[in-house]
Structure formats: structure tokens, C-alpha cells
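The values are calculated or read from the model by the stated rules, or taken from the named source; none is laboratory data. From a predicted model like this one, the values you see are computed outputs, not experimental measurements. For neighbour counting, all protein chains shown are included, and Cβ atoms are generated from backbone atoms with ideal geometry for every residue, glycine included.
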């Protein structure tokens, strides 16, 4: 309960009106680049290979007993409902979350945050709010990119290996398609973007000691971000799909 209360208190400090909008916009732009653009490579790599693997595994499982268009249907559903909106934020929690925690934690142990407070700057808003807004805004775009690439890679590998003709794969992609599935994925992703940035910032902001403690805070940030994302995933799936 102590950590929950302190986390909520930190968020209340973070969401105050910025003192200087020009500086805030520059910080937000930098975070969009750090969280979004610098994560495109890993998102592209994971999505392409996962879409291809799902296609091949589905083809192996169905054998000759189930219609071939099931391959396209399975790749679409897996990428949209679970892999892209859940596992991509988990991967980002490791890459982006550790970076946020170590960056803020280093500023804490070197007393840069104390210096901001002494100068009358809202250190929580200055350091954390741009990261949270950037995560909430850019992570859904990365997830949409992951969906497109995963399904595209599944179609390509299916045709290249001969396990699924393109016409059958396209038909499977269209079978029982619901726009709400995409909306559900984006709702989850937005919440996960908030979680991975805010939880990581919390652990960095309250780091104490030296370089070793900063490393531990970074590890805690990744672990707790993933745990909370998994719990939130279960709760959101129950609420939105049932």
C-alpha cells in the first residue's frame, strides 16, 4: 500500500500544468523519438518473424483436416488480439522501461532532481509527464505497425513455402473480422503504454544510493511493469471481451 500511495502521489505531481510550454514540447518530441522511433527496429524484427512462425505452426497443426484459410484467420487473430497489443509492450517495458528508470535514477543519485526542486521546478512534471504522454501516444502506433507486418509476413511465408495460397490466406483474414478486435487491442495498448512509462519512472524517481542501486531500480522497473501489464491484460480481456 505504501508504494501504491506514493505512486499515485507522484502521478498527481506529474500531471500538473507545465511551467514553460516551449520546453515541454521539446521534451515531448525527444521522448517520442526515444520511445517510438528508436524502438521501430525491434518491433519490426519481432513482428515479421512471429507472423511467419504462427503461419508455419498453424499449417503444421491443421494438417489436411481443416480448411487452409484457417491459417490466415489464425495469424490475423493472434497478431491483433494478443501478440501485438500485449507482447510488444512487454518487450518495450524491457527496452524503454529500463532506460527511463536508469535515466531518472541517475539524475536522482547525482542530485540533479534535488537541484530542480530547489530552483522551483516541478521535477516530476518536467521529467515524467513527457515520457508518459509519449508512451500513451506512440506505443499504439508501434502496435499497429506490428499487426500489419505480422500478418504480411504470415502471408508471404505461406505463399513462399506453399502451405497457403494467397487467395486462401486473404479469405481467412476476412472471415469473421470485427473492427472491435482492433479497438480492443488499441485500448489495451494505450493503457500498457501508460503503465510501462509511469511504473518505470516511479522506480527511477525514488532510487537511492549509487550506481548499484540505480541498476536495481532499473531491474525492478522492468519486472513490475511486466507483472502489472500481465495483470491488466487479464482484467481488460475479461471486461472488454466478455
Can you list the helices (runs of 4 or more DSSP H) found entirely within the range 153-242 that contain at least 1 residues being within 15 Å of residue 97 (Cβ to Cβ)?
-> 179-205, 211-241
With respect to residue 187, determine if the residue is touching a helix residue (DSSP H, G or I) at 6+ places or on another chain (Cβ under 8 Å), modelled with pLDDT of 90 or more, under 27 Å from residue 89 (Cα atoms) and surrounded by fewer than 18 Cβ atoms within 10 Å (Cβ to Cβ).
-> yes
Can we say residue 195 is within 27 Å of residue 228 (Cα to Cα), buried (at least 18 other Cβ atoms within 10 Å of the Cβ) and under 17 Å from the mean Cα position of the chain (by Cα)?
-> yes
Give just the number: which of (1) under 15 Å from the mean Cα position of the chain (by Cα); (2) modelled with pLDDT under 90 does residue 242 not satisfy?
-> (1)
Got a sec? Which helices (runs of 4 or more DSSP H) wholly within the range 1-100 have at least 1 residues that are out of contact with any strand residue (DSSP E or B) (no Cβ under 6 Å at 6 or more places or on another chain) and without any contact (Cβ under 8 Å) to a residue 24 or more places away in the chain?
-> 2-14, 21-35, 40-62
Inside the range 21-55, can you point out the residues that are closer than 27 Å to residue 163 by Cβ and surrounded by 17 or more Cβ atoms within 10 Å (Cβ to Cβ)?
-> 43, 46, 47, 48, 50, 51, 52, 54, 55
Tell me which residues, restricted to the range 146-176, are under 24 Å from the mean Cα position of the chain (by Cα) and surrounded by fewer than 17 Cβ atoms within 10 Å (Cβ to Cβ).
-> 148, 152
Could you grab me the full set of residues in the range 78-100 that are surrounded by fewer than 20 Cβ atoms within 10 Å (Cβ to Cβ), within 26 Å of residue 168 (Cα to Cα) and modelled with pLDDT of 90 or more?
-> none
